[in-house]
Structures are given as C-alpha cells and as structure tokens.
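The values are calculated or read from the model by the stated rules, or taken from the named source; none is laboratory data. Note that the coordinates shown come from a computational prediction; the quantities given were computed from them, not determined experimentally. Neighbour counts are summed over all protein chains in view; Cβ atoms, including those assigned to glycine, are modelled from backbone coordinates with ideal geometry.
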Amino acid sequence: MSRLFLTSREVSLISDISKQIIKDVCGQNIYYYAINEELTRKNDIYNESSQKIFDPPLEIEVLVEWNGETEVTANKFGLDHIFDLKVFFHKRDLDHKKIVLREGDFIQYTGRFFEIQKLTIPKDLFGQNEHIIGIHADCRIAREGQFRTATISTPAQFTQPRGRAGNAGAHDIRELQDGNNPIITPLTGTNITPFIT
C-alpha cells in the first residue's frame, strides 16, 4: 500500500486496536524472566553456565498460541513430554515498558516454565518495514533442572486495563490518547444492546 494513504495516524490506530485486543479482550499474560548476563558466571571453556541468575519477573499481556504436547520421546529414564507454545508480544507495549526480549530467556505460562527458542518479526505493516506491530517467540518447555524458581500464581479474575493510568511501569499507553491522562474509563455494570425481539 502506498505511503500516501497510510500515515503514522493509521499505523497508531492499527497498533492501538491490536493492543486493545491483547489487553482488554483476550486477557492472557505471562511472566518474563530475563537472564542477567552480568551476574551469571560462565564456564571459561564452554562459555555456558550451569546456574543462571535472572532479574525479577515481569508480567506482560500477550497472545498465546498453545500447541500442547508436540512430541513424546522415550529414554532410559522414562517418557519425556515436550510442550511448545508461540507467544505474540506487542512491540510498542514492550518499548513503553523498556523490555528487550532475548533468545534463551524464560517465561512462565500456566504454571510451567518455557525457554524462548526463537524470536521472529511476523510481517511488516502494509509493506512499511519501519512499522512493526509485534514479535513472535517460539518457546519450548524447560526441563525441571534447567530453570528453578517459585511459580507465580495467576489471578483468577480478569480485569481490563482499558487505558488505565498508573506509575511508569504499569501505565497503559495508547498512541491515539493523551499518554498522561487516558480518556477510556473502565467498564462498569452491564452493557445493554438494543435488539428488537
């Protein structure tokens, strides 16, 4: 599509709509554990670490494509069940929260820990490669000894952010709104749709 017909305002609209679907409709979230490379000691020969030190977990609203159990392998210790999932991160949300995704970091989803195997950019927006809406992360379940920490329980009740104001880390920024004073208010009560019966 021509750049003449797709301005930065339309790009912001598409970004805001995708962010609204992720945050206000789907309600899926993960906890992201970034490995701290400065504090993690590596082996001099193999350039690997047996014990990884990670930063405190960050909660991020995402879209998750659960692939379930993709393969089962048998070895001398028993069956090995492998679960895969694909996670869609909203690019501007990551930029506003100052989160940089890296391959090899870990996420928690549904009480299980997964390692990010591959990060990809799905496609550009209408042929304009400077406008990226999201990032896909292909993840595989981590073995029990590979990553150890306490599991964070997810809240049972879903609440909509709806452009909610908060401190710098929790503030939900929508591009077409005033970033300091969100216009959208949380939904209350029931919505009544006028249907003729």
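Quick notes on this one:
- Annotation note: of Ile135, Ile99, the sole residue that is among the β-branched types (Val, Ile, Thr), in contact with a Ser or Thr (Cβ under 8 Å, 6 or more places away or on another chain) and at pLDDT 90 or above is Ile135.
- Being modelled with pLDDT of 80 or more, surrounded by 14 or more Cβ atoms within 10 Å (Cβ to Cβ), in a strand (DSSP E or B) and touching a His at 6+ places or on another chain (Cβ under 9 Å) holds for only one residue in Val11, Val62, and it is Val62.
- Any pair with Cβ under 6 angstrom, 6 or more apart, that starts in the stretch 19-31 at a residue that is in contact (Cβ under 8 Å) with a residue 24 or more places away in the chain and assigned to a strand (DSSP E or B) and ends at one that is surrounded by 18 or more Cβ atoms within 10 Å (Cβ to Cβ) and among the aromatic types (Phe, Trp, Tyr): Ile30/Tyr109
- In the stretch 72-84, the residues that are within 16 Å of Arg112 (Cβ to Cβ) form Cβ pairs under 9 Å with partners that are in a strand (DSSP E or B) and hydroxyl-bearing (Ser, Thr, Tyr), at six or more places apart or across chains, as follows: Asp80/Thr73; His81/Thr73; Ile82/Thr70; Ile82/Thr73; Phe83/Thr70; Asp84/Thr70.
- Scanning the stretch 110-126 for residues that are closer than 16 Å to Ser15 by Cβ, of a type outside the set (Lys, Arg) and not in a strand (DSSP E or B) yields Ile121, Pro122, Asp124, Phe126.
- Just one of the listed residues (Phe126, Phe113, Phe106) is among the aromatic types (Phe, Trp, Tyr) and surrounded by fewer than 19 Cβ atoms within 10 Å (Cβ to Cβ), namely Phe126.
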